[in-house]
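Laboratory data are not the source of any read-out in this text; all were calculated from the coordinates shown. Fair warning: this is a prediction, and the values are worked out from it, not measured in the lab. Every residue, glycine among them, receives a Cβ derived from its backbone with ideal geometry; neighbour counts consider all protein chains shown.
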Amino acid sequence: MLHSLLLSGPPGTGKTLLASRLPGLLPPLDEHEALEVAAIHSVAGSAPLAAWPQRPFRQPHHSASGPALVGGGSRPRPGEITLAHQGVLFLDELPEFDRKVLEVLREPLESGEIVIARANDKVRFPARFQLVAAMNPCPCGYLGDPAGRCRCTPEQIQRYRAKLSGPLLDRIDLHIGVTREATALGAPRLDGPDTASAAAQVAAARTLQLARQGCPNAFLDLPGLHQHCALDNEDRQWLERACERLGLSLRAAHRILKVARTLADLEAAPEIARAQLAEALQYRASSA
């Protein structure tokens, strides 16, 4: 649904596997989107998508440079964020990326495009992607492990997490902790809907959003936010008090509203209820 997502948990909990399965839950590219993606890949000289019209899934290595991620060169070419346009950009081991490289993601996450300026040229590339990132809770990865394997000092953990700036984290809608499950070599336990059912639910919610406002909830502007994410006075005051207690910014509050609107759409609910607000807020509470 294009809401940015950060998965945090110890090694081996399935963060990368979850991210790689996300394109299968997203609706296929429509004709207009497919033409956009095809044009981008043609300009970049890259291979076409392996599973057309499935949405792009890009996974650059954490050693990627700034131009490789956002585009550049003497004759500007698209970078990974543009190649992920209308799809998913997955950044595994997020704190291992150079901080300066990550900071250039801030503007595209807001505007959905990247402008590359050179002395004699200025090129604007589209970059409406869903950012999905994964990280360990500490340098060794085992902070909070019941077996007590973590030996990182508080200073090491603080330096590790300080590689991610507050403004970047503020632009990530969903902060999810992934916990270790008991090892089971038999058939996996399936408590939720299967992939086909979840994909149908996502497609229905996306169709509802496009019919209502012409764009996914993640890209609502301020007037659209006021129009389509309106709350009654009691819920608005409740959210304001919660954001104040958690020290959340106005941008974070707006993103909470967008996530709550998506949660309501997944349930085909006409209005945002307190339950959706509380669920959207809990995805922020852990990072706050």
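Taking 16 Å as the straight-line reach from the Cα of residue 163, the lysines in range (excluding those fewer than 8 positions away in the same chain) are 100.
Taking Lys and Arg as +1 and Asp and Glu as -1, the other residues whose beta-carbon sits under 12 Å from that of residue 20 total +2.
If you build the Cα gyration tensor of the range 195-285 and take the root of 5 times each eigenvalue, what three semi-axes come out, in whole angstrom, biggest first?
Numbers: eigenvalues 103, 41, 27 Å².
Rounded to whole Å, the semi-axes are 23, 14, 12.
For every other residue with a beta carbon closer than 11 angstrom to the beta carbon of residue 81, add +1 if it is Lys or Arg and -1 if Asp or Glu, then tell me the sum. Walk me through the numbers on the way to the answer.
Numbers: positive: 58, 128; negative: 80, 107, 113.
Charge balance in the 11 Å sphere: -1.
How much of the DSSP bridge set in the chain is antiparallel, in percent, rounded to the nearest 5?
35 percent
Directionally averaged projected area (the chain, Cα convex hull): 17.2 nm². Net charge in the neighbourhood of residue 72 (other residues with Cβ under 14 Å of its Cβ; Lys, Arg +1, Asp, Glu -1) is +4.
Which order results if 123, 132 are arranged by neighbouring Cβ count within 10 Å, fewest first?
Numbers: 123 16, 132 27.
Going from least to most buried by this count: 123, 132.
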